[in-house]
């Protein structure tokens, strides 16, 4: 007998999403007197959406890892244990069956049973391999700026102060697509007012980035997971000057590092090479100009324009070529940007003589299958 296709879960879950709050009421009521400690009613829609998406979703590796990184601290915060899994699975299946009657069959019920147990097992394993942190927190969008054709800058005010460090990333989801989480780097060092700036590039076909970039409005709410150190955070026990190479929205964590050094008055010279195809693609230039003007005694910002023939020769070329032209022995080199850039950097920079212990590259999740492991540096989409 041919096993049921995993794609059979998709139509069921798609039927639940439009009525997620009503479905969450049923899910929460089913668990209310059986799960101790109780799932807070206010968290039920997001918990259901995230667990349902993990069970039914046909997501890429980075998305699944962001989802687990968001769900695991909440799972831990609620003190859920494996002996609770059957109760949660029963409530999930009853909820999906109630709202997906047109696509519900005994075969899909059996598949939901197996897949939801697997999803909870992954979540439990993730709690043993990631740093303990607070559960997700809502954040209000208080500012938006169309920085380029495909890049939007959102300013968020979390309801509770989010303790993050420059270079860390955090999972983000929107009520417009509940349960789908994606990684984003805050583009700022921690601020006194607790606000966070995210740089969103709209990825065609992406489940989160087009919604945030094109539709999320001031006053709207998003949800933020626990920040994670993912290889780009500065090691306080290391010194030496820095060479930062930013491609696209990879500028976000590297700009945060510059802000951190400015706030702490660290005595390290920094060269920030910012890559783009053309001048219009070189977004956030006003902020970069202000940073360089204020800190010109230790900060140099260098544009790297790959398809712009009418700029000075020193600014023409691809990002890695110009970064290598500015490299000085002893510098720590940080590279952040799209997956293709990181793949190329992983091959090219060691071959150019950059020592492994001074090379810091963003991981993209493209090489290792998910097993509830410690999140590394994310792909942003």
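What follows is calculated from the coordinates using simple rules that are stated; it is not laboratory data. None of these values were measured; they are calculated from a predicted model. Glycine gets a Cβ as well: all are built from the backbone with ideal geometry, and neighbour counts include every protein chain shown.
Here are some notes:
- Extension gain, residue 38-residue 109: 0.36 nm per intervening residue step, less the Cα-Cα distance, totals 23.0 nm.
- Taking the longest Cα principal axis of the chain as reference, the axis of helix 20-32 is set at about 60 degrees.
- 0 to 90° range, to nearest 10: angle between helix 106-127 axis and the chain longest Cα axis: 50 degrees
- Most mobile of 318, 33, 284 in a GNM of the chain (Cα contacts under 10 Å): 33
- Residues of segment 174-209 with amide N under 16 Å of a point placed 7 Å along Cα→Cβ from residue 7: none
- The alpha carbons of segment 137-224 occupy a box of 34, 27, 23 Å along the principal axes, longest dimension given first.
- A crude spin-label estimate for the pair residue 266 and residue 347, with each label 7 Å from Cα along the Cβ direction, gives 3.1 nm.
- Counting only DSSP beta bridges with both residues in the chain, the antiparallel share comes to about 55 percent.
- Convex hull volume per residue in cubic angstrom - Cα atoms of the chain: 151 Å³
- Inter-label distance, nm, simple model (7 Å from Cα along the C-beta direction), residue 94/residue 191: 4.5 nm
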